[in-house]
Every structure is written in structure tokens, then in C-alpha cells.
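Contents: one structure, followed by commentary.
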Ligand code: SF4
Ligand code: SF4
Ligand code: FES
């Protein structure tokens, strides 16, 4: 079995928790699963974006060995374990770490109910944080007229970085620093969002899976009970990807 | 299918059923808004069913000041001062099973939003610099007042917590599922539906 599939070969399948998933040569495991509506938990992946492989929530076992589903290439006959109790427990621990490393005050967050991190955590039955809270003191950048940047909720998924580069052609964001010091930086003379080239209509301003980058003056627009994850489980096919708040597509 | 052998010993008489004792339950609110207690009361008339199985020890419902030996302690609110820590430790000593109820107890919740600021700054803002205050206002300083902690902290960082009931507040149905599971002798489990962080 080769890792790379020759593109002239017909599409074939791999096994995901015992079910055959078809793929097109060049697909990653996550891409192929997503296309057929099979849920592999993810936070830093978005269809149409290059994979980042940073959140590790999509960790799976490929032929018994751990891998990130968003970066592992699909190939014929792979045996992929996804929804096993052990993988789910590992993902829950990752989610708990993400929560304690930031300041996630969901009851006062405008993204609540439309947040991929929050919905993924409830899906994994995360009842509490388990670990000790860091309570980091991170800045809020409210300098932009239309977009708020709250570093306290940023999970460093790099989606805004990739969207700004690849889709908006602007290069507004980057991730700087290492380890616990890693943080999102803004490309502008002052380092402030208000002095950057970001516009509220940019993909980068709309792609954030959490409440770190939020369009202003739309907060709590959708009443509780009608928000994306009030109406759909995060595991429902194609409900996961963030779109601008207030512009939620109705997932089918 | 097996048929009884004539020489088999007769089946023992059924074990006499023990009279079911009511569960002793205590509740309290630390640094919280009492919203979790209100949500608990939202179980409405189901409280009549509940009262068949539980009796309340220390709780705002009984107004007892000290907690006695209990099967179950439900605590809402986080730790913001020394008294909160003392009450929590008392509950841990007295309750067989301790439950952190709601966002404040589980993560510090909204009160923990003060954690990024220094205490002198906050006290000054509230008691001295606030608009409309007379000049010369002082920060309260009475030995009766419990000392504030530098940061609001969740309960599991100070004592062992057995269960977490998330939500701000947890819904009445979460309380109901949790308590009925426990009373029936099942390990309480909230499915992802009732798990909410808002
Ligand atoms: S970003 Fe998501 S998880 Fe974080 S506080 Fe907001 S709703 Fe909660
Ligand atoms: S601001 Fe949002 S999109 Fe950008 S890195 Fe942080 S979490 Fe990801
Ligand atoms: S989605 Fe694969 S590592 Fe984040």
C-alpha cells in the first residue's frame, strides 16, 4: 500500500470506523470524510483552506497509529479509527486544555451558541475544565470600527492568518511567539487592528471559529434557542464551519 | 430450560427489602448570583416527587447555618473570599458526594472576569472613584468582612469535586436528570444535550 495515490487511478475507499468512505486522490482523511458528511472533530480546519494541523482535535488512528485527519492523506484500504471511546476521551482532554488556556466566559460571549469550540466541547460531554485555570491577562483590541479582536478567546487556529493570505490577499494576521507565549499579531504600523487593511467583509474577519474575531454591532442578534448549535449538533453534516455571525447558512 | 431437581435445596426466601432512607441534601451559594438555585426550583411540581426521596439539610430553603452529615452537597458559585473557602471545606467534610453546580462553581464564571485586574484597583474603583461617591469614601475594612481572594477560583482547585453540572445556570432538566439518576442508584450522566456553557 502506498501513501500517495496516483491521480490517474479511479477513486477508491478507506474504512472509517468500519464504514467505507470514498475519496479522490490527493484528499486528506478529513476532507474525504467531510464530503460525505461524516464528522471528524476539528477546530483549525476549514474546507477550502490549507490544513494547519495545530489543534489536534482531529486526531485519529490510521492503521493503529495516531495521525491528524486534516493532514493525513487518504489512501485505499486505510483502517481509520475515529469515534472510539479512547479517542473521544483524548479529545475531551484537549478541549479542556483549550478552555483553561484562554478566558472563555461563554455566558457573556457574543459567539455563544454559534461557537465551534463550545459546541465541540458539549458534544464531547465536557462537564468541567478538570485542569487548573490559567486566567491569562490578554488584551482586547477594539480599535477597528467594525471588527473586535479579543485575544482572550483566540485558540491560535491560524484560520484568519490563512484566510487573509490566501483569500483576501492582505496578510493582516500572523502567529508570533512560542509555546504558552504564542499569540496572534496584526500587521499594521501600530500593531492595532484599526490601522490594518482588514475590512469586515474579508474572509479573515468572518472565519474565526470562536469569539476572538467578531463583527461589531451584531452581538446576540440571534435569540437563544435559534442559534446554530441550538438547532444542530456539531456532528450534523456540514454544520461546523464558521460563517459571519448573523449570516449563518442553514445547514441541510 | 431447566427443571427443578427434587433434591435441590429450596430457594432462599427473598432478602427483606430495607426501608429506603431519604437522601440528605445540602445546598449553598458562594460567589454566584443564586441563579442556579432558582433554576433548580424550576423543576416546578416535580419537587413534590423529589421530596419523597430527599430531605434538606443546610440550604437557603431551610435557613440552617451549619451543614450536617449529608449524602449530597450541591454548590453554586465560585470562591471569591476566605469565607467561601471555609464553607466549601465544611461541605467537603460533611458531604459524601459533592457537586459543583453552574459556571461560577466550575470555572469561576463571570465573577472571575475580575481576575485580570488587581484587587486594590477594583476596590478603589468600586468604593472610591465611582461616579457619584462623596470625596473621602473609604474601602470597607471591618474584621467581620471576609478577606477577598486575589482571584476568583473554581471549586475543584480547592477540594475534590465528584460531579460537575454545567450551565449558566444548568437547566431545571439537568438538575432533574442528575438527581433522578442519583436517587435511582445510577451514575449520573448528562448527555451532550443538557450540557451547556451559557
Ligand atoms: S469563544 Fe466560544 S468557548 Fe470561548 S467564551 Fe466565546 S462562546 Fe465560549
Ligand atoms: S482570531 Fe480566531 S481565527 Fe484567528 S487564530 Fe485566533 S481563533 Fe483562529
Ligand atoms: S483540525 Fe486537524 S489539527 Fe486541527
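Points worth noting:
- Selection of segment B:155-188 for residues being in contact (Cβ under 8 Å) with a residue 12 or more places away in the chain and in a loop (DSSP other than H, G, I, E, B) yields B:158, B:159, B:160, B:161, B:162, B:166, B:167, B:168, B:169, B:170, B:171, B:188.
- Residues of segment A:117-141 classified as touching a residue at least 60 places away in the same chain (Cβ under 8 Å) and either more than 8 Å from ligand 1 (Cβ to nearest atom) or outside any helix (DSSP H, G or I) (or both), total: 5
- Candidates A:91, A:111, filtered to the one that is within 14 Å of chain B (Cβ to nearest Cβ), within 17 Å of the chain's Cα centre (by Cα) and farther than 16 Å from residue A:211 by Cβ: A:91
- The lone criterion from (1) in the same structural domain as residue A:182 (by the TED database); (2) farther than 22 Å from residue A:149 by Cα; (3) within 16 Å of ligand 3 (Cβ to nearest atom) left unmet by residue A:116 is number (2).
Here's the yes/no breakdown for (1) more than 15 Å from residue A:209 (Cα to Cα); (2) buried (at least 18 other Cβ atoms within 10 Å of the Cβ); (3) near ligand 3 (Cβ under 8 Å from one of its atoms):
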position	(1), (2), (3)
A:44	no, yes, yes
A:47	no, no, no
A:52	no, yes, yes
A:60	yes, yes, no
A:74	yes, yes, no
A:80	yes, yes, no
A:85	yes, no, no
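- Residue satisfying condition, being closer than 23 Å to residue A:98 by Cβ and in a loop (DSSP other than H, G, I, E, B), within set A:225, A:191, A:219: A:219
- The condition (being in contact with a strand residue (DSSP E or B) (Cβ under 8 Å, 6 or more places away or on another chain), part of a strand (DSSP E or B) and under 25 Å from residue A:228 (Cα atoms)) is satisfied by just one residue among A:149, A:156: A:149.
To keep it simple, each residue is scored yes or no on (1) farther than 30 Å from residue B:179 by Cα; (2) exposed (fewer than 14 other Cβ atoms within 10 Å of the Cβ); (3) touching a strand residue (DSSP E or B) at 6+ places or on another chain (Cβ under 7 Å).
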{"residue": "B:101", "(1), (2), (3)": "no, no, yes"}
{"residue": "B:111", "(1), (2), (3)": "no, no, yes"}
{"residue": "B:143", "(1), (2), (3)": "yes, yes, no"}
{"residue": "B:149", "(1), (2), (3)": "yes, no, yes"}
{"residue": "B:164", "(1), (2), (3)": "no, no, yes"}
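- Conditions (1) within 13 Å of ligand 2 (Cβ to nearest atom); (2) away from chain B (no Cβ under 14 Å); number of the one not met by residue A:217: (1)
- Just one of the numbered conditions (1) exposed (fewer than 14 other Cβ atoms within 10 Å of the Cβ); (2) under 28 Å from the mean Cα position of the chain (by Cα) is not true of residue B:125: (2).
- Only one of A:18, A:37 that is within 20 Å of the chain's Cα centre (by Cα), more than 16 Å from ligand 2 (Cβ to nearest atom) and loosely packed, with under 15 Cβ neighbours inside 10 Å: A:37
- Considered as a group, the residues in segment A:127-168 that are more than 21 Å from residue A:192 (Cβ to Cβ) and away from every other protein chain (no Cβ under 13 Å) include one that is surrounded by the most Cβ atoms within 10 Å (Cβ to Cβ), and that residue is A:157.
- Residues satisfying the criterion are absent from segment A:188-196 (criterion: within 16 Å of ligand 3 (Cβ to nearest atom), loosely packed, with under 15 Cβ neighbours inside 10 Å, at negative phi and at pLDDT 90 or above).
- Scanning segment A:84-113 for residues that are outside any helix (DSSP H, G or I) and either more than 8 Å from ligand 1 (Cβ to nearest atom) or closer than 18 Å to residue A:56 by Cα (or both) yields a total of 2.
- Looking at segment B:22-133, the strands (runs of 3 or more DSSP E) lying wholly inside it that each contain 3 or more residues that are away from chain A (no Cβ under 14 Å) and within 22 Å of residue B:190 (Cβ to Cβ) sit at B:23-29, B:70-76, B:95-101.
- Residue in segment B:55-62 that is on the phi < 0 side of the Ramachandran plot and free of Cβ contacts under 8 Å to residues at least 24 places away in the same chain present: yes
- Residues of segment B:139-198 that are out of contact with any helix residue (DSSP H, G or I) (no Cβ under 9 Å at 6 or more places or on another chain) and at the interface with another protein chain (Cβ under 10 Å from one of its Cβ atoms): B:157 alone.
- When the test is whether a residue is modelled with pLDDT of 75 or more and either farther than 28 Å from residue A:101 by Cβ or touching a helix residue (DSSP H, G or I) at 6+ places or on another chain (Cβ under 9 Å) (or both), residue A:244 does not pass it.
So that you can scan it fast, the table gives a plain yes or no per residue for (1) farther than 17 Å from residue A:163 by Cα; (2) in a helix (DSSP H, G or I); (3) touching a strand residue (DSSP E or B) at 6+ places or on another chain (Cβ under 9 Å):
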| site | (1), (2), (3) |
| --- | --- |
| A:37 | yes, no, no |
| A:40 | yes, no, yes |
| A:45 | no, no, yes |
| A:51 | no, no, yes |
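- Exactly one residue among A:84, A:71 is within 15 Å of the chain's Cα centre (by Cα), more than 13 Å from ligand 2 (Cβ to nearest atom) and away from chain B (no Cβ under 13 Å), and that residue is A:71.
- For residue A:33, the conditions (1) touching a strand residue (DSSP E or B) at 6+ places or on another chain (Cβ under 6 Å); (2) assigned to a loop (DSSP other than H, G, I, E, B) all hold with the exception of (2).
The values are calculated or read from the model by the stated rules, or taken from the named source; none is laboratory data. Here the structure is a predicted model, which is why all the values come from computation and not from measurement. Here the Cβ is made from the backbone with ideal geometry for all residues, glycine too, and neighbour counts use every protein chain on show.
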